[in-house]
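The values are calculated or read from the model by the stated rules, or taken from the named source; none is laboratory data. Since we're looking at a predicted model, the values are computed, not measured. For neighbour counting, all protein chains shown are included, and Cβ atoms are generated from backbone atoms with ideal geometry for every residue, glycine included. All accessible areas refer to the heavy atoms of the entire protein, side chains included, with ligands and DNA or RNA removed. Shrake-Rupley method; radii C 1.70, N 1.55, O 1.52, S 1.80 Å.
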Amino acid sequence: SVLRGDVSLFGVDASLSYIVDDASNTAEQLSFGAAATFGPVSLSAAYQEESETYVDTSGDFNAKAVMGVSASGTFANATVTLAYAATTATVTGEDDKTSIGGKISYPLGPVTLTGYFVQEAGGDATATTFEKPNYGVNVAYASGPISVKVDYQDDQETAKYAVDATYDLGNGLS
C-alpha cells in the first residue's frame, strides 16, 4: 500500500508518499516531488529514499535512492529544458549513477524541431565513468488534420528511427 498526500500552495504543487508494509505496519521509502512555474520558467524536483526491505522482482519497482531536478523555459520562442538526476544504492550494493541532459524545441510555423543530449556517468563506485551518450532529433509537422513526425535517436550507440503520419478523419477516427 502507499500513503500519499498532495498540496498546492503559493503556486507550488507537491506530493509526499511512503510505502506501507501491511504485514508489519511500517512505512519506508519516503518519496517527495514538487513542481512550480515562475513566469517563463518551470521547475521540478523529486527525491525517493532507498528501500531497505523491498526487492525489485518485476522491473516495476526501483529500490534505489533517486534525486532529480529540472528547469524548463521558453525564450525567444525556443523551449529549453535542463535536467540532472542521480541514483544511489547503499543497501543493495549497486553502483551510483548520474545523468545530466538538455533538450531544445523550436517551432517554425507548422514544423517543430527538437533535439536532445544526455550524458550519464556511473557503473563504478565513484560514478565518474562516462557511458556512451544518448541524443536525438525530431521533426514534427502538424497542420489541420495532418500530422507527420520523423524521429532519430542514438541511445548509447543503439540507433532508433521512427516515422509516424496521421490524418484525422473526425468523429474520433484517424
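Here are the numbers:
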{"read-out": "Subset tally (residues that are touching a Ser or Thr at 6+ places or on another chain (Cβ under 8 Å), open to solvent by less than 80 Å² (accessible area, probe 1.4 Å) and farther than 30 Å from residue 77 by Cα) for region 27-57", "value": "7"}
{"read-out": "Pairs with Cβ under 6 Å, 6+ apart, first in region 105-121 and modelled with pLDDT of 95 or more, second small (Gly, Ala, Ser) and open to solvent by 50 Å² or more (accessible area, probe 1.4 Å)", "value": "110/142; 110/143"}
{"read-out": "Residues located in region 134-159, provided they are in a strand (DSSP E or B), touching a residue at least 12 places away in the same chain (Cβ under 8 Å) and open to solvent by 60 Å² or more (accessible area, probe 1.4 Å)", "value": "135, 137, 139, 141, 142, 146, 149, 150, 152"}
{"read-out": "Wholly enclosed strands (runs of 3 or more DSSP E) of region 1-57 bearing at least 1 residues at pLDDT below 85", "value": "12-21, 26-38"}
{"read-out": "Qualifying residues in region 5-26 (those that are farther than 25 Å from residue 71 by Cα and not acidic (Asp, Glu)) - the one surrounded by the fewest Cβ atoms within 10 Å (Cβ to Cβ)", "value": "23"}
